[in-house]
Amino acid sequence: MNQYLSLYCELLKKHGQPKDQWGLWCRRPKTKWQREEVIIGAILTQNTNWQNVKKAITNLKQVKKCSLKLILELDLQKLEELIRPSGFYKTKARYLQGVTEYILKSGGVTKLMKCDLVELRSEILKLKGVGPETADSILLYALDMPVFVIDEYTRRLVKVRGWLEHQSSKLNLEPTDRFDYEYLRKLFEENLPKKFELYQDLHALIVVEGKQAGRKVIK
DNA sequence: AACCAGGAGAGAG
DNA sequence: CTCTCTCATGGT
């Protein structure tokens with residue numbers, strides 16, 4: 001068992017199955033509407049506390065079911081007003097409508113799940129408001145595709161545990177490249193069985209662990 | 001009362 | 001390609 005799998009076992013033992021802490025995101029199986037809500041949440045949570053996102057989603061549900069159809073039905077100003085608690089509400093409202101338009105035009109979430117992973121990833125990365133982390137969160141948690149999500153918690157963990165110390169010199173990488181998004185993503189994916197359930201749980205556990213650890217050892 | 005949380009786009013150099 | 005600025009709310 002390599003260090004990535006032992007990390008999973010260690011965190012699983014410590015925190016348990018990350019279902020309740022992560023609400024919908026780690027729930028399996030998911031309904032179509034739960035998948036849509038995860039996509040909406042993935043945009044809303046950008047650089048924002050999850051507590052604020054919950055308020056925004058509650059506001060949306062108060063109007064109607066939190067779905068992609070609702071996002072398109074609402075006019076921009078109304079949507080802005082509803083998601084205001086999540087911050088950056090004007091830009092996020094536009095992001096949401098753009099992403100929603102693309103998904104519905106492509107045939108909806110169920111259709112997307114049958115697409116080729118690599119192609120779909122490069123397609124949604126072109127959408128405004130969808131960077132690497134948001135794209136992979138959507139692919140992994142909404143569409144059950146095996147992509148590992150890299151975030152600040154993952155970077156810190158890799159840094160703190162010194163996992164890249166001897167590999168970086170071996171591969172002759174510049175210090176800035178060692179924590180590059182794509183590099184870290186491939187590192188995790190190459191060292192773990194390609195299963196979306198494992199990716200979902202491990203990433204969630206890393207976040208839970210990271211939050212609990214706080215920012216005491218970081219620099 | 002700063003500081004920051006499941007980031008990303010746009011512009012400059 | 002790598003900085004730096006901007007977008008904004010709510011909790012410590």
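Read-outs: derived from the displayed coordinates by stated rules, not from any lab. As the structure is a prediction and not an experimental result, all values here were calculated from the model. Reconstructed Cβ throughout: ideal geometry from the backbone, glycine too, with neighbour counts over all protein chains shown.
Numbers below:
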quantity	calculated
Estimated inter-spin distance, A:Lys14 and A:Lys61, nm [label 7 Å along Cα→Cβ]	3.0 nm
Over chain A, relative contact order from alpha-carbon pairs under 8 Å, at least 6 apart, %	25 percent
0 to 90° range, to nearest 10: angle between helix A:50-63 axis and chain A longest Cα axis	20 degrees
Partners for A:Lys114 among aspartates and glutamates (Cα-Cα distance below 18 Å; same-chain residues under 8 apart left out)	A:Glu36, A:Glu123, A:Asp136, A:Asp144, A:Glu197
Computed lengthening from A:Glu182 to A:Arg28, 0.36 nm per intervening residue step minus Cα-Cα distance	52.7 nm
Virtual spin-label span in nm between A:Asn52 and A:Gln77, 7 Å along Cα→Cβ	2.4 nm
Ranked packing of A:66-75, A:122-131, most packed first, by mean Cβ within 10 Å	A:66-75, A:122-131
